Every structure is written in C-alpha cells, then in structure tokens.
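Engineer: Input: one structure, supplied below.
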Amino acid sequence: MARKVRNIPLETRNARAKLKVRGKPYYCAVGPGLHVGYRKGKTGGKWMLRRYDGSGDYEFEKLGLADDIADADGIDVLDFWQAQERALKLGRRHARVLRGEQPDREGPYLVSDAIDD
C-alpha cells in the first residue's frame with residue numbers, strides 16, 4: 001500500500017473551513033505527476049485530480065464532493081484520505097493504460113472475462 005501524504009490545510013473539514021473561497025483548487029502532490037486538489041465553494045468543496053500528461057499539460061478529473069457538510073461515505077462524499085486513495089488508484093489505472101496493459105477490473109471476474117483473456 002502506498003504511503004499517505006500529509007497536508008494539514010486539507011486533512012480535516014475544520015482546517016479546510018479556514019481556507020478562502022476561490023475557483024483555483026488548493027493542490028497537494030500525492031505521487032509523480034499526480035495531485036489532489038480541493039476547490040472550495042461557498043457551500044462546500046470538491047475534490048479534483050490533476051494528472052501530468054507528459055507533454056506539458058495537465059488532465060483534470062472530478063473525484064467527488066468533500067466532506068465539508070455531509071459525512072464521508074467513500075463513494076460520492078470523500079474525506080481527504082479517501083480522495084487521495086482514489087487519486088492514486090486512478091493514477092495507477094491511467095499508467096497501465098498508457099503502457100498498453102489491462103486496467104484493474106471492477107467487480108467480480110466473470111466467465112466472459114476469462115474468455116476475453
């Protein structure tokens with residue numbers, strides 16, 4: 001399991017409440033070319049993924065809502081640690097696709113999967 005990256009201003013909802021509302025996310029590097037971003041709005045925040053594509057640009061992807069108002073459920077509403085875990089998982093999947101490998105499977109291994117393999 002990958003090591004977790006600490007970021008005091010983003011780790012808790014109390015710490016994030018002290019941040020200013022702005023359109024540009026607050027970023028935290030979690031791996032090579034991978035960043036978790038927190039975009040604070042007037043009524044709560046959203047977690048973002050920023051991934052370096054190798055050509056000088058970044059790709060962006062929404063990870064989920066921040067647990068600023070509702071408690072984290074690990075699916076739609078994420079705390080900082082869950083957002084970081086999801087970003088790392090998506091980063092690994094993206095790297096596998098770039099190498100021409102099969103990305104991680106979601107759900108059970110089916111007979112049709114075995115036939116395809």
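The values are calculated or read from the model by the stated rules, or taken from the named source; none is laboratory data. Please read all numbers here as calculations on a predicted model, not as lab measurements. Neighbour counts run over all protein chains shown; Cβ positions are idealised from the backbone, glycine included. For accessibility, only protein heavy atoms count, side chains too; no ligands or nucleic acids. Shrake-Rupley method; radii C 1.70, N 1.55, O 1.52, S 1.80 Å.
Engineer: Hey, among TYR58, TYR38, which residue is in contact with a strand residue (DSSP E or B) (Cβ under 9 Å, 6 or more places away or on another chain), within 21 Å of ARG93 (Cα to Cα) and not hydrophobic (A, V, I, L, M, F, W, C)?
Structural biologist: TYR58 is the lone residue from the list that is in contact with a strand residue (DSSP E or B) (Cβ under 9 Å, 6 or more places away or on another chain), within 21 Å of ARG93 (Cα to Cα) and not hydrophobic (A, V, I, L, M, F, W, C).
Engineer: When you scan region 1-110 for helices (runs of 4 or more DSSP H) that lie fully inside it, which ones turn up with 2 or more residues that are surrounded by 13 or more Cβ atoms within 10 Å (Cβ to Cβ) and touching a His at 6+ places or on another chain (Cβ under 6 Å)?
Structural biologist: none
Engineer: Right, something else. Do you know which residues across region 73-117 are closer than 15 Å to LYS4 by Cβ and not basic (Lys, Arg)?
Structural biologist: LEU78, ASP79, PHE80, TRP81, GLN82, ALA83, GLN84, GLU85, ALA87, LEU88, GLY91
Engineer: Residue check: is ILE115 assigned to a helix (DSSP H, G or I), open to solvent by 60 Å² or more (accessible area, probe 1.4 Å) and aliphatic (A, V, I, L, M)?
Structural biologist: The answer is yes for ILE115.
Engineer: Restricting region 39-72 to residues that are charged (D, E, K, R) and more than 24 Å from LYS18 (Cβ to Cβ), which is farthest from the chain's Cα centre (by Cα)?
Structural biologist: ASP57
Matching residues to (1) touching a residue at least 24 places away in the same chain (Cβ under 8 Å); (2) on the phi < 0 side of the Ramachandran plot:
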residue	(1), (2)
ASN14	no, yes
ARG39	no, yes
LYS46	no, yes
ASP53	no, yes
GLY56	no, no
GLU61	yes, yes
GLY64	no, no
ALA72	no, yes
